1. Which residues, counting only those in the range 326-356, are more than 30 Å from THR70 (Cβ to Cβ) and open to solvent by 60 Å² or more (accessible area, probe 1.4 Å)?
2. Which of the numbered conditions does ARG115 fail, given that it passes all the others? Conditions: (1) modelled with pLDDT under 95; (2) within 24 Å of LEU323 (Cβ to Cβ).
3. Identify, by number, the condition in (1) in contact with a helix residue (DSSP H, G or I) (Cβ under 8 Å, 6 or more places away or on another chain); (2) on the phi < 0 side of the Ramachandran plot that ALA176 doesn't meet.
4. For THR156, are the conditions met, namely being in a helix (DSSP H, G or I) and open to solvent by 10 Å² or more (accessible area, probe 1.4 Å)?
5. Exactly one condition in (1) at pLDDT 95 or above; (2) closer than 24 Å to LYS360 by Cβ is false for ASN44; which is it?
6. Among (1) open to solvent by less than 10 Å² (accessible area, probe 1.4 Å); (2) of a type in the set (A, V, I, L, M, F, W, C); (3) under 23 Å from TYR357 (Cβ atoms), there is one condition LEU172 misses while meeting the rest; what is its number?
7. Say whether the condition of being in contact (Cβ under 8 Å) with a residue 12 or more places away in the chain, farther than 20 Å from MET184 by Cβ, in contact with a helix residue (DSSP H, G or I) (Cβ under 8 Å, 6 or more places away or on another chain) and not β-branched (Val, Ile, Thr) is met by at least one residue in the range 140-161.
8. Considering only residues that are open to solvent by 50 Å² or more (accessible area, probe 1.4 Å) and either within 19 Å of GLU347 (Cα to Cα) or in contact with a Lys or Arg (Cβ under 6 Å, 6 or more places away or on another chain) (or both), which ones fall in the range 96-114?
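The values are calculated or read from the model by the stated rules, or taken from the named source; none is laboratory data. These numbers were taken from a predicted model, which means no experiment stands behind them. Every residue, glycine as well, gets a Cβ built from its backbone with ideal geometry; the counts of neighbours run over all protein chains shown. Just the protein is used for accessible areas: all its heavy atoms, side chains included, with ligands, DNA and RNA removed. Shrake-Rupley method; radii C 1.70, N 1.55, O 1.52, S 1.80 Å.
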Amino acid sequence: MTTGLELRSKITSDGKLELSLEEVTVPEPAAGQVVIRVEGSPINPSDLGLLTGPADLSTLVAGGTADRPTLTASIPPERMPMVAARLDESMAVGNEGAGTVIAAGAGAEGLIGKRVAALGGSMYATHKIAPAAACLPLPDDATAADGASCFVNPLTALSFPETMRMEGHKALVHTAAASNLGQMLVKICQADGIPLVNIVRSPAQVKILKDLGAKYVLDSTTPTFKADLVDALAETGATIGFDAIGGGPLAGDILAAMEVALNRTATTYSRYGSATHKQVYVYGGLDLRPTEIPRNVGLSWGMGGYLLTYFLQKAGPEVMARLRARVAAELKTTFASHYTAELSLAEALNPDTLKAYSRKATGEKYLINPAK
């Protein structure tokens, strides 16, 4: 039995966010479990949702010591209902990561000394106990940084074409498409021959995807965006989209453009619009405004939320095994992640650094290395 450090997030009943490093006891692993010395864990948008919640980061106040820093921030009263279920509970953070197995329970001894990736929370910590069956052994030449991000973004990107096929579509649309996940999706769709319409928000992001060989890359800030979107949808036949933005008009604009594109080939008029089902799934929240849906989308459409966990539950273990195997095989190519900076646990609680990684800017991805 040993001790370690864990980054924790707490929201108090009086509207304060409290971030701290807490000493925790690492118990001996039970049968079928391993203890991982965590050497890399990425900061994904989903992690920020738990780490900082709806806090106003302009109110950050630093405290504690150099080794055990703390951060506090205020949460606007109107945002408190969003976090009512977690009030006054100290919560461990970090969805995924990688490191070296240093101890194992009965039946898992073969993983001792191996570098593995794991998913399941509490990865912003020096040690992680995980079921051996849930660990993904990394190739011998892979570092912890190589494997740290091999679950959330790769499996989410792979799940989009899987969902497309399961629901009977033949091409797809993706927003915030120059992200780390978006670049993976471009490579997946190229390899699998799937038409993909990418939507970004700047000329620089257009160039990122064009340099990867993407055919359809649209800048939503241009005056011709809506017309260009209809043309791309008509050419590809895309009738399903995955939206990382969430709020504002973009998801509705995609549905409306799908309707216009479908009606280009209609042979008869229907006041109900196209009978072909159009679907947009919201899987991110880069824009926290309400999602706007116009009335010119016809009557055969759907808008829903999307979460990797729910997809995997629906897809089943065989699909999960197939997708994991592909990630492992293409870890340094299709699913490679590149990081702006590698942070220790203490450095992750520097106010300026936290504000930097909370921007979720394209091309800026941060890695926490609790062993640093």
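1. ALA329, LYS332, THR333, HIS338
2. For ARG115, the exception is condition (1).
3. (2)
4. Working: in a helix (DSSP H, G or I): yes; open to solvent by 10 Å² or more (accessible area, probe 1.4 Å): yes.
When the stated conditions are applied, THR156 passes them.
5. Of (1) at pLDDT 95 or above; (2) closer than 24 Å to LYS360 by Cβ, only one is false for ASN44: (1).
6. With respect to (1) open to solvent by less than 10 Å² (accessible area, probe 1.4 Å); (2) of a type in the set (A, V, I, L, M, F, W, C); (3) under 23 Å from TYR357 (Cβ atoms), LEU172 is out only on (3).
7. no
8. First, the residues of the range 96-114 that are open to solvent by 50 Å² or more (accessible area, probe 1.4 Å): 102, 106-107, 109-110, 112-114.
Passing the criteria: only ILE102.
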